[in-house]
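To keep things clear, I will list the structure first and then write my remarks on it.
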Amino acid sequence: MPHRSVTLSQFILQEEVTHPESSGEFTRLLIDLALAAKMINREVTRAGLVDILGYTGSENVHGEKVQKLDVFAHDVIARVLGSTGQLAVLASEEDEDILSVHENRAPGRYVVNFDPLDGSSNINANVNIGTIFSILPRVSRSGPGGIADVLQPGVRQLAAGYVMYGSSTMLVFTTGNGVHGFTFEPSLGEFLLSHPDIRTPPRGRIYSVNESNYFQWSEGVKRYVDWLKQPDGESGRPYSARYVGSLVADFHRNLLYGGIFLYPGDQKNRAGKLRLLYEAAPLAFIAEQAGGAASDGQQRIMDIVPRELHQKTPLILGSRDDVRDCELFVQEKHEAVTAERRGNHAATARALEPPARKTSTSSPS
Ligand code: FDP
């Protein structure tokens, strides 16, 4: 197929041609990101052979155990992007604070928020893990970039993407002009266009959620997941359960096949587990660009204005109609919920009817 010979750099440069006003800085930033991805990929694929597996012995800002590969990936991205001159500021899921760019350089026009290695609990078992990134324009006018540059809603993203390290490594991204996937060809050291213009089915047959949290969920989420499991040929239920526990891997599979990923809030963590800036917003941008959707149950993820660097959000992500169904359950507006309510009202009314009337209505004609 002809597109298999298009490299990521060629593709990005071709896109740049369609923007004559472009300075080329954004293009260089994407190419730098791809370089960082290749460096991380090299280490991930050698992970069993070099001393990079296992924990560092410390915890990150979220109280999670930090893996050596997490630290490696964070350092690579911070180093490669921080020294190239395209960025005003960076923020990493692994760092408490924003990261300044190289002191000897004038700050650039862009901001990158990133999750260096998502799905870390899977690292030591050779299961897919990923890097997620989000590129924003800086909003501050001069000097080094600051927190206001980082705390922007998803709608302001210029690009977002992820790299999934696994049996084959892929880089998938959008600049707001569709979603394109590139597969890493190790013998060439290049990402080649393998999945141009990815479109996700409007409805899938897969649900991905950590169901061990069931008893902590709201009634709306419980009902939705119960509903997905009820057989109903017309709507394609029951759905199949697929949960890797690596967001990038679960998202990628559902993007291609159709389906829904959920990480709702629960009694312990009202906002769930996933981070708005590094996980939810970039994947929401990709989902929407592929024809899918992303919501926190009440509003579009892309519209949420972040208040804090490490803010979490409930996440409902994937095929458009599935996300809509889930939102309606959460808001108690889905027809299955209203029908159940009507049924309950009718049953209650019948139970409350005076005995005389009860006899007359139930007597045979
Ligand atoms: P991990 O903790 O392994 O890094 O955000 C992190 C994440 O993985 C996601 O990749 C994944 O979807 C989710 O957490 C898994 O959380 P649970 O173990 O609670 O299911």
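Some values worked out for this structure:
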item: Checklist (1) of a type outside the set (Phe, Trp, Tyr); (2) within 15 Å of the ligand (Cβ to nearest atom); (3) surrounded by fewer than 16 Cβ atoms within 10 Å (Cβ to Cβ); (4) more than 18 Å from the chain's Cα centre (by Cα) applied to residue 121, failing item; result: (4)
item: Top-ranked residue of the range 253-271 - restricted to ones that are surrounded by fewer than 20 Cβ atoms within 10 Å (Cβ to Cβ) and among the aliphatic types (A, V, I, L, M), ranked as nearest to the ligand (Cβ to nearest atom); result: 271
item: Some residue of the range 263-279 being over 20 Å from residue 163 (Cα atoms) and part of a strand (DSSP E or B); result: yes
item: Filter pass, residue 129 being touching a residue at least 12 places away in the same chain (Cβ under 8 Å) and under 18 Å from residue 72 (Cα atoms); result: yes
item: Subset tally (residues that are within 15 Å of the ligand (Cβ to nearest atom) and either surrounded by 20 or more Cβ atoms within 10 Å (Cβ to Cβ) or without any contact (Cβ under 8 Å) to a residue 12 or more places away in the chain (or both)) for the range 236-252; result: 7
item: Count of the range 211-234 residues which are of a type in the set (S, T, N, Q) and surrounded by 13 or more Cβ atoms within 10 Å (Cβ to Cβ); result: 3
item: Filter result (away from the ligand (no atom under 16 Å from the Cβ), hydrophobic (A, V, I, L, M, F, W, C) and in contact with a helix residue (DSSP H, G or I) (Cβ under 9 Å, 6 or more places away or on another chain)) within the range 93-114; result: 98, 99, 101, 111, 112
item: Flag if residue 233 is touching a Cys at 6+ places or on another chain (Cβ under 9 Å) and away from the ligand (no atom under 16 Å from the Cβ); result: no
item: Inter-residue pairs, beta-carbon under 6 Å, first within 14 Å of the ligand (Cβ to nearest atom) and in the range 53-77, second modelled with pLDDT of 90 or more and aliphatic (A, V, I, L, M), 6+ apart; result: 69/117; 70/117; 73/40; 73/117
item: Failed condition for residue 351, given (1) in a helix (DSSP H, G or I); (2) within 16 Å of the ligand (Cβ to nearest atom); result: (2)
item: Of all residues making up the range 196-218, the number that are without any contact (Cβ under 8 Å) to a residue 40 or more places away in the chain and away from the ligand (no atom under 16 Å from the Cβ); result: 1
item: Residue match in the range 193-201 (condition: under 21 Å from the mean Cα position of the chain (by Cα), surrounded by 18 or more Cβ atoms within 10 Å (Cβ to Cβ) and over 30 Å from residue 175 (Cβ atoms)); result: no
item: For residue 56: the one exception among (1) of a type outside the set (Phe, Trp, Tyr); (2) crowded, with 16+ Cβ neighbours inside 10 Å; (3) in contact with a helix residue (DSSP H, G or I) (Cβ under 7 Å, 6 or more places away or on another chain); result: (2)
item: Condition check for residue 90: touching a helix residue (DSSP H, G or I) at 6+ places or on another chain (Cβ under 8 Å), away from the ligand (no atom under 11 Å from the Cβ) and not small (Gly, Ala, Ser); result: yes
item: Residues being within 14 Å of the ligand (Cβ to nearest atom) and either closer than 18 Å to residue 150 by Cβ or buried (at least 24 other Cβ atoms within 10 Å of the Cβ) (or both) - total across the range 272-287; result: 10
item: So residue 206, is it under 18 Å from the mean Cα position of the chain (by Cα), within 26 Å of residue 11 (Cα to Cα) and buried (at least 17 other Cβ atoms within 10 Å of the Cβ); result: no
item: Filtered residues of the range 7-47 (kept if modelled with pLDDT under 95, outside any helix (DSSP H, G or I) and within 15 Å of residue 186 (Cα to Cα)); result: 46
item: Some residue of the range 332-342 being within 26 Å of residue 238 (Cα to Cα) and among the hydroxyl-bearing types (Ser, Thr, Tyr); result: yes
item: Per-region count, the range 292-348, residues part of a loop (DSSP other than H, G, I, E, B), in contact (Cβ under 8 Å) with a residue 24 or more places away in the chain and more than 26 Å from residue 150 (Cα to Cα); result: 4
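The values are calculated or read from the model by the stated rules, or taken from the named source; none is laboratory data. Computed from a predicted structure; not experimentally measured. Neighbour counts run over all protein chains shown; Cβ positions are idealised from the backbone, glycine included.
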